[in-house]
Amino acid sequence: MPSERILDATDARILLALATEPRATVVALAEHLSLSRNTVQARVAKMEQGGALGSFERRITPNALGHPLTAFVTAQVNQHRLAEVSEALAGIAEVVEVFGLSGETDLLVRVVAADADDLYRIAGQILAIPGIERTATALAMRELVPHRLTPLLLRRAEGR
């Protein structure tokens, strides 16, 4: 896994420009930002190699794939089987993210589903994984603040 470096104001300006126009060429970005083409190209390459730029998958909506429901499954796990549980969760296509948590709940699992019956099936698959001791499922009713980093990019671009 690449180690991420802290982005500076110039990196943030490049990312803001890409967020606004994701298909912009390096030349167009350089012109827009009053930077050299080589500077933009080198910085984008460093950000890609360093892990600052995530996968394209983030831009694809589950809805477009026939999975309009989003739910969050919290799970309590036998800690001795955490690696096995993680591997099993990664094997379920509808599991789109898994976070390890501190506190009483061990895992937060984001799943997508085609409908309520599909969600019931997925929740059952998760509960059947050896090492998972208990789960609770909450259906996301509405996304109130979508995934965003622009406010942080703006702050960084301003040098704060």
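The values are calculated or read from the model by the stated rules, or taken from the named source; none is laboratory data. In this text, all values refer to a predicted model and were calculated from it rather than measured experimentally. Please note: Cβ atoms are built from the backbone with ideal geometry, for glycine as well, and neighbour counts cover all protein chains shown. Areas reflect the complete protein model, heavy atoms only, side chains present, ligands, DNA and RNA absent. Shrake-Rupley method; radii C 1.70, N 1.55, O 1.52, S 1.80 Å.
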Exercise. So which residues in the range 36-47 are surrounded by 12 or more Cβ atoms within 10 Å (Cβ to Cβ) and not hydrophobic (A, V, I, L, M, F, W, C)?
Worked result: Arg37, Thr39, Gln41, Arg43, Lys46
Exercise. In the range 48-65, what residues are open to solvent by less than 100 Å² (accessible area, probe 1.4 Å) and farther than 30 Å from Ala114 by Cα?
Worked result: Gly50, Gly51, Ala52
Exercise. Within the bounds of the range 3-10, is there any residue that is part of a helix (DSSP H, G or I), surrounded by fewer than 15 Cβ atoms within 10 Å (Cβ to Cβ), modelled with pLDDT under 95 and of a type in the set (Asp, Glu)?
Worked result: no
Exercise. Would you say Arg160 is in a loop (DSSP other than H, G, I, E, B) and under 30 Å from Leu16 (Cα atoms)?
Worked result: yes
For this session: Please work out if Thr105 is touching a residue at least 60 places away in the same chain (Cβ under 8 Å), of a type in the set (Ser, Thr, Tyr), closer than 21 Å to Leu139 by Cα and open to solvent by less than 70 Å² (accessible area, probe 1.4 Å).
Result: no
Exercise. What residue, among those in the range 19-64 that are touching a residue at least 40 places away in the same chain (Cβ under 8 Å) and either in a helix (DSSP H, G or I) or touching a strand residue (DSSP E or B) at 6+ places or on another chain (Cβ under 7 Å) (or both), is nearest to Ala140 (Cα to Cα)?
Worked result: Pro62
For this session: Answer with yes or no whether Ala28 is open to solvent by less than 70 Å² (accessible area, probe 1.4 Å) and within 17 Å of the chain's Cα centre (by Cα).
Result: no
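Residue-wise test of (1) open to solvent by less than 60 Å² (accessible area, probe 1.4 Å); (2) modelled with pLDDT of 95 or more; (3) under 20 Å from the mean Cα position of the chain (by Cα).
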residue	(1), (2), (3)
Ser86	yes, yes, yes
Gly100	no, yes, yes
Ala116	no, yes, no
Arg121	no, yes, no
Problem set entry | Residue pairs meeting the criteria (Cβ under 7 Å; at least 6 apart or on separate chains; first outside any strand (DSSP E or B), in the range 71-100; second of a type outside the set (Lys, Arg) and surrounded by fewer than 11 Cβ atoms within 10 Å (Cβ to Cβ)) | Arg81/Pro130; Glu84/Pro130
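Hey, any hits in the range 125-137 for a residue that's out of contact with any strand residue (DSSP E or B) (no Cβ under 8 Å at 6 or more places or on another chain) and open to solvent by 90 Å² or more (accessible area, probe 1.4 Å)?
Taking every residue of the range 125-137 in turn, none turns out to be out of contact with any strand residue (DSSP E or B) (no Cβ under 8 Å at 6 or more places or on another chain) and open to solvent by 90 Å² or more (accessible area, probe 1.4 Å).
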